[in-house]
1. Pick from the stretch 11-22 the residues that are surrounded by fewer than 24 Cβ atoms within 10 Å (Cβ to Cβ) and under 18 Å from the mean Cα position of the chain (by Cα): which of them is farthest from the ligand (Cβ to nearest atom)?
2. Go through the stretch 301-319 and count every residue that is assigned to a helix (DSSP H, G or I), closer than 30 Å to residue 347 by Cβ and at pLDDT below 90.
3. Is it the case that the stretch 241-249 has a residue that's under 27 Å from residue 22 (Cα atoms) and touching a residue at least 24 places away in the same chain (Cβ under 8 Å)?
4. Looking only at residues that are assigned to a helix (DSSP H, G or I) and surrounded by fewer than 16 Cβ atoms within 10 Å (Cβ to Cβ) in the stretch 28-43, which one is farthest from the ligand (Cβ to nearest atom)?
5. Quick check on this structure: which one of 25, 59 is in contact (Cβ under 8 Å) with a residue 40 or more places away in the chain and near the ligand (Cβ under 9 Å from one of its atoms)?
6. Could you pull out the residue among 106, 102 that is closer than 28 Å to residue 157 by Cβ and more than 16 Å from the ligand (Cβ to nearest atom)?
7. Do any strands (runs of 3 or more DSSP E) lying entirely in the stretch 253-292 carry at least 3 residues that are over 19 Å from residue 345 (Cα atoms), and which ones are they?
Ligand code: SF4
């Protein structure tokens, strides 16, 4: 008798997410778990992160080795190479890191210009994700960034000379942005030669300075139709340039440059989340657990010291929660999702009559049991997911 592979878990990929919560300054649109770098708990937090990685081991004895490590934040490029190395050593001692694993470091342009890039490489980093956000000075000032367009472009040119794998983040659908100006900015970004782009629409999250300004009526977000037009334009410009979307917001020059780490999220793999506020998903014994570490750095450090794990907040997910997540995350990716995985977990069929309507409208395609959204369907991914969700 052959055992069916589980519909989620580490055989869909196994990663480590490290959240470094400090930034040189806090951007007005940001709703991540971030703190000003002047309040930094440096060495103690690095030690707690390493201890947290070790402390995960007894709960997941079968997991090894890691396909990816992702240093996100915050601004993890503020970590020194020896601190990055200490975290990676804890990861390789505990779980092992596969040869050729993807090790990503998020960095802002000024970090890249100041950094010893070879030092990052020697520490183990294989991929840089650079928070360019815009290549126009007025937009960078509006977004509260501390770099200008010339330094952003220079940082990317510098990075691609050293790293084979470089990603640029850009924010579009900014208030008042015209299709022509976005097309010209995106074309400039593509000319920098990075093989991966993450292109996000500006959002106005409650409690951020931008969210509060919107509530007061001081900033008006772009309307939905204009945003949809810019999304369509983004698809055509990036596809023509050879970097089609492989997920709602992510574009790569070839499968080689797709983010191994993010594919773990979209495919229903496992990842450990360490560092303040980090989320994780870990599958053990046919169950799936969602973890969320303490958000404040001092509380995180104290929790790891007291309980030997940030995983203390882990909760077992109910089958319906797992199935909904598999569907929602899978439909974000261009490769789509095998509905049998969703149905095995939920115990209920995904309604084929609704899918037929989406196929008819050109928003979705079915191949056997695989459902995937087209480029225009991904624009409606949230609504389609809600309609099909068990
Ligand atoms: S640098 Fe990035 S993580 Fe830090 S505040 Fe700005 S947007 Fe948020």
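The values are calculated or read from the model by the stated rules, or taken from the named source; none is laboratory data. Since this is a predicted model, take the numbers as computed values, not measurements. Here the Cβ positions follow ideal geometry from the backbone for every residue, glycine too, while neighbour counts run over all protein chains shown.
1. Only one residue fits best here, namely 12.
2. Final tally of qualifying residues: 2.
3. Yes, the stretch 241-249 contains at least one residue that is under 27 Å from residue 22 (Cα atoms) and touching a residue at least 24 places away in the same chain (Cβ under 8 Å).
4. Taking the candidates together, the pick is 43.
5. Residue meeting the stated conditions: 25.
6. 102
7. 270-274
Results for (1) surrounded by 22 or more Cβ atoms within 10 Å (Cβ to Cβ); (2) at pLDDT 95 or above, shown as yes or no for each residue.
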{"site": "282", "(1), (2)": "yes, yes"}
{"site": "288", "(1), (2)": "yes, yes"}
{"site": "299", "(1), (2)": "no, no"}
{"site": "321", "(1), (2)": "no, yes"}
{"site": "338", "(1), (2)": "no, yes"}
{"site": "349", "(1), (2)": "no, yes"}
{"site": "356", "(1), (2)": "no, yes"}
{"site": "361", "(1), (2)": "no, yes"}
